[in-house]
Amino acid sequence: MTNIIRLNESINDYAARPVITALGEPDLAIRPSTYLAALGTSTNIDPKQILIDGSYGQTTNPAPFIGVGTGAMTVKSDANGAYLAMPQKGIRTGIVMSTKNDKGTFVVIKCRLNDIVSGAERLFSIGPGSRNTANFSLATAVDPKRVDGTGYGYSAPMDNLVHTFAIYNAPGALYLFADNKKYFTVSGSVTTPNDLTGVGINTRSLADTPPNDLDLYNFELYLDVSLTEQQIIDYLKTL
């Protein structure tokens, strides 16, 4: 269960909403329970139907996603909650979101990886490829099949369980959290004070790369934030 509050939840329409969490307002939040209620279960969903809750969805295109891959995306639910089933289907925004690279960036994803289909690709990807605090990713690898946080001091074999991964990248600090355990990494770096970034889920943010077989339960992106390690740890316990 997450502690996202989707404001005006009782309004019976399908529109992007502001959200508030214990960390503040995310720039982008994906809540599959919203799509389950509005679009129904096991129905094929066009990426253009996936709304962005959070501040970006309130000021710009609330449904900016481009579909990547040949698979079909559907909404389903199980004992872990509602999720987007994304077998060989990825979604990305392109490099469209403004950010300040002298601030921190925080991403959290709750997901189940069912198969790694096409080799070393992405669970998620943030940014345009330049080295700054709003550019990083979490990769997969195929031999042996694993989640591979290259450079983050983390690697784990693929299984069929739901996991929560988070990355916080700020000036002087870059951390990966896996199921509430922190892995220390190299210092974060900054190139320019202001830049554009983007989001790719089950693909890269700036290119169409082959997706894996992923079930997405939750995704949140916070740009231009300053968080303490304890704030992150406390928040991850709620997801």
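The values are calculated or read from the model by the stated rules, or taken from the named source; none is laboratory data. Only a predicted model underlies this, so the values are computations on that prediction, with no experimental measurement involved. When the accessible area is computed, the model is the full protein with side chains, heavy atoms only, and any ligands, DNA or RNA have been set aside. Shrake-Rupley method; radii C 1.70, N 1.55, O 1.52, S 1.80 Å.
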Of Ala15, Ala29, Ala170, the one that fluctuates the most in a GNM where the chain has Cα springs shorter than 10 Å: Ala15
With DNA, RNA and ligands ignored, accessible area of Ser118 (1.4 Å probe; Å², nearest 10): 60 Å²
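Which shape class, rounded, prolate or oblate, goes with segment 116-176 when its Cα gyration tensor gives a ≥ b ≥ c as root eigenvalues, a/c under 1.5 marks rounded, and past that a/b bigger than b/c marks prolate?
Working: a/c = 2.28, a/b = 1.68, b/c = 1.36.
Prolate is the answer for segment 116-176, as a/c is 1.5 or above and a/b outweighs b/c.
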Length gained when the stretch Ala38-Leu196 is fully extended (0.36 nm per residue, less Cα-Cα span): 53.8 nm
Overall form of segment 1-138 per C-alpha gyration tensor (a/c, 1.5; a/b vs b/c): oblate
Expected-Rg normalisation [2.2 N^0.38 Å, Cα atoms] applied to segment 166-224: 1.32
Area of Asp102 that stays accessible when all protein chains are in place (1.4 Å probe, Å², to 10): 90 Å²
Proximal lysines to Lys89, defined as alpha-carbon separation beneath 25 angstrom and excluding residues fewer than eight positions away on the same chain: Lys48, Lys76, Lys110, Lys145
Span per principal axis, largest first, for the Cα atoms of segment 59-177 (Å): 39, 36, 27
Stretchable slack from Asp115 to Ser155, in nm (0.36 nm times residue separation minus alpha-carbon distance): 12.8 nm
Computed [θ] at 222 nm, deg cm²/dmol, the chain (DSSP H ≥ 4; -39,500 (n - 2.57); rounded to nearest 500): -2000 deg cm²/dmol
Shape category assigned to the chain from the gyration tensor of Cα positions, a/c cut at 1.5: rounded
Cα centroid of segment 94-160 to Cα centroid of segment 184-239, whole Å: 8 Å
Heavy-atom surface of the chain, accessible at 1.4 Å and reported per residue (Å²): 41 Å²
Stretch gain in nm, segment Gln49-Asp179, where the contour uses 0.36 nm per residue and the Cα spacing is subtracted: 43.8 nm
Cα extents of segment 115-217 along the three principal axes, largest first (Å): 39, 31, 25
Convex hull per residue volume in Å³, alpha carbons only, for segment 197-239: 90 Å³
